[in-house]
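Read through the structure below, which is laid out as structure tokens, and then see the notes.
The values are calculated or read from the model by the stated rules, or taken from the named source; none is laboratory data. Remember, predicted model here, so these are calculated numbers, not experimental data. Neighbour counts are summed over all protein chains in view; Cβ atoms, including those assigned to glycine, are modelled from backbone coordinates with ideal geometry. Just the protein is used for accessible areas: all its heavy atoms, side chains included, with ligands, DNA and RNA removed. Shrake-Rupley method; radii C 1.70, N 1.55, O 1.52, S 1.80 Å.
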Amino acid sequence: MDNLVDNLDTLLARIDPTRIPEHVAIIMDGNGRWAAGRGKPRSDGHAEGVSSVHEAVEFSSDLGIKYLTLYAFSNENWRRPRQEVDTLMYLIGWAIERELPDLIRNNVRIRLVGDIERIPADARRRLRDAERDTAGCTGLTLLMCLSYSARWELTEAARSLARRAAAGELDPADISEEMMADRLDTAGVPDPDLLIRTGGEHRISNFLLWQIAYSELYFTPVLWPEFGKEAYARAIIDFQSRERRFGMTSAQVSGLTSDSEK
């Protein structure tokens, strides 16, 4: 245990506190494989993953990250076996209710993203209660993506703009990127600086396709139930080693940095 603490301390010493990402998004992958590798049912992997959520929220808050978005359940996940879906829905509702006192104490605000009306009534009630009870919190904003897909989100945004155009309230020629962004479930939240995917897969899986246009992508083989503060720290360190150019040249970025430091 001492070695783990020392290792984490060493990693923390390498993190530049002036270059902390404002918004981190995480695709939490690997629960089922973690369980299978131990001869356990998939539900045990999902239950173990709840601890990693707790650590990720705590670590994000401690670092001063302002927004953390977690891909908890996709629209495509509804196709999974009924027993697994039921277990996931129970765990989501149970976990959010269990964590609520700590979230409030740590000034964490919950924001729900996705087609929440598809969530079973009991879990939906607990989620809505947590969103309401943390509405006044001003620290980390935790965006929970549930029954979510980026294509669904973009389709809903397009339909919203189309209805306004059909009603004569909007000239289609005036539709802008800002209008689209304002109709996404993440409206008002800055785009992620860093997207982390655990579990060794190298794909986006229909997650925040609009919002991650210029996000830094970090893929790790670590399975989600094993993604603790050390693994998270390594992702932050890797992020800080990169140059974010947003379509500009390195010289331009360097010039902007120099100007900002004057």
- Item | Within segment 170-224, trypsin sites (Lys or Arg not before Pro) in DSSP loop having at most 10 other beta-carbon neighbours inside 10 Å | Arg203
- So, over other residues within a Cβ distance under 11 Å of Gly188, counting Lys, Arg +1 and Asp, Glu -1, the net charge is -1
- Nonlocal amide H pairs with Leu143, under 5 Å, H built at 1.01 Å: Leu68, Thr69, Leu70, Arg111
- Item | Accessible area in square angstrom per residue, the chain, 1.4 angstrom probe | 52
- Message: Relative contact order for segment 33-106: what percent, with Cα pairs under 8 Å and sequence separation of 6 or more?
- Response: 30
- Dipole-positive endmost among Ala130, Ala173, Ala158 within segment 125-186 (Cβ charges, Cα centre): Ala130
- Once normalised by the length of the chain, the mean sequence separation of its alpha carbon contacts under 8 Å that are 6 or more apart gives a contact order in percent of 27
- Message: Please report the accessible area of Leu12 (heavy atoms, 1.4 Å probe, ligands and nucleic acids excluded) in Å², nearest 10.
- Response: 60
- Message: Let me check I've understood the local charge: for Asn31, count other residues with C-beta under 12 angstrom from its C-beta, Lys and Arg +1, Asp and Glu -1. What total comes out?
- Response: 0
- Query: Considering only the other residues whose Cβ falls under 15 Å of the Cβ of Glu156, what net charge follows from Lys and Arg at +1 and Asp and Glu at -1?
  - Reply: +1
- Item | Where labels lie 7 Å past Cα in the beta-carbon direction, separation of Asp182 and Arg159 in nm | 2.1
- At a 1.4 Å probe radius, which order do Glu230, Glu97, Glu22 fall into by accessible area, largest first? Glu97, Glu22, Glu230
- Message: Using only the heavy atoms of the protein chains and a 1.4 Å probe, how would His46, His202 rank by accessible area, largest first?
- Response: His202, His46
- Quick one: order Thr220, Thr18 from most to least accessible surface, probe 1.4 Å. Thr18, Thr220
